[in-house]
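**Q** The structure under discussion is supplied below as structure tokens; questions concerning it will follow.
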Amino acid sequence: VTGELFSLGERVPVPSFRDETFKLSGITLAAQLREGPSTGDPPFLVGRLLVIPKMEPVYKAGSELAYYFQVYHAATDPQSGEARLDLSYRFLVAEKVQKSGELTFTPLGRPLTFTDQPGLVHGYSFPLTGWPAGDFKLQVTATDRVTGRQADSEVRFSVR
């Protein structure tokens with residue numbers, strides 16, 4: 001629609017599915033995240049979600065942050081036949097640069113927690129209204145209620 005063409009090159013870690021280790025995929029930042037069409041097979045359709053990746057991890061203040069990830073090898077509850085996950089989302093803000101050049105992050109508010117989630121595919125979006133400019137990190141922790149196992153993943157992004 002805009003007439004712009006982008007190219008993106010990135011190493012993507014592919015998890016081994018030989019073992020049954022409870023883990024999370026990498027978190028994909030999305031330029032667009034919405035319910036996909038019920039017919040057809042458009043690009044970037046993952047399950048029922050249309051996940052258009054964000055080319056650069058930079059958002060404008062007041063725009064919408066969207067992200068997507070998957071949970072691998074969660075146990076199923078014997079009664080419901082579904083996964084039972086507690087998900088925690090923690091945002092951190094970059095405070096200072098260390099001598100090594102790495103950023104030091106500190107928590108930004110309390111983590112958001114969603115308990116007893118049945119799905120293995122998760123996509124969320126929310127407005128960055130009122131967020132200051134800066135560098136941030138999103139940490140996701142999943143706890144499998146059936147086995148007690150935990151896994152986490154994180155992604156960095158900026159607001160300008």
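To keep it simple, each residue is scored yes or no on (1) part of a strand (DSSP E or B); (2) touching a residue at least 60 places away in the same chain (Cβ under 8 Å); (3) surrounded by 18 or more Cβ atoms within 10 Å (Cβ to Cβ); (4) of a type in the set (Phe, Trp, Tyr).
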site	(1), (2), (3), (4)
Glu56	no, no, no, no
Ala83	no, yes, yes, no
Lys99	no, no, no, no
Thr115	yes, no, no, no
Ala151	yes, yes, yes, no
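**Q** Hey, another quick one. For Phe44, indicate whether it is open to solvent by 60 Å² or more (accessible area, probe 1.4 Å), under 25 Å from Gly9 (Cβ atoms) and either out of contact with any Asp or Glu (no Cβ under 9 Å at 6 or more places or on another chain) or not polar (S, T, N, Q) (or both). Walk me through it before giving the result.
**A** Details: open to solvent by 60 Å² or more (accessible area, probe 1.4 Å): yes; under 25 Å from Gly9 (Cβ atoms): yes; either out of contact with any Asp or Glu (no Cβ under 9 Å at 6 or more places or on another chain) or not polar (S, T, N, Q) (or both): yes.
It is true that Phe44 is open to solvent by 60 Å² or more (accessible area, probe 1.4 Å), under 25 Å from Gly9 (Cβ atoms) and either out of contact with any Asp or Glu (no Cβ under 9 Å at 6 or more places or on another chain) or not polar (S, T, N, Q) (or both).
**Q** Which one of the conditions (1) of a type in the set (A, V, I, L, M); (2) at pLDDT below 95; (3) open to solvent by 30 Å² or more (accessible area, probe 1.4 Å) does Leu50 fail to meet, given that it meets all the rest?
**A** That leaves (3) as the condition not met.
**Q** Continuing with the same structure: Among the residues of the range 29-53, what is the count of those that are touching a residue at least 60 places away in the same chain (Cβ under 8 Å) and touching a strand residue (DSSP E or B) at 6+ places or on another chain (Cβ under 6 Å)?
**A** 6
**Q** May I ask you to verify whether Arg110 is surrounded by 10 or more Cβ atoms within 10 Å (Cβ to Cβ), more than 17 Å from the chain's Cα centre (by Cα) and of a type in the set (Lys, Arg)? Explain how you work it out, then say what you get.
**A** Numbers: surrounded by 10 or more Cβ atoms within 10 Å (Cβ to Cβ): no; more than 17 Å from the chain's Cα centre (by Cα): yes; of a type in the set (Lys, Arg): yes.
Criteria not met by Arg110.
The values are calculated or read from the model by the stated rules, or taken from the named source; none is laboratory data. Note that this is a predicted model, so its numbers are computed, not measured. Cβ sites come from the backbone with ideal geometry, for glycine too, and all protein chains shown count toward neighbours. Please note that ligands, DNA and RNA were not included when accessible areas were found on the heavy atoms of the full protein model with its side chains. Shrake-Rupley method; radii C 1.70, N 1.55, O 1.52, S 1.80 Å.
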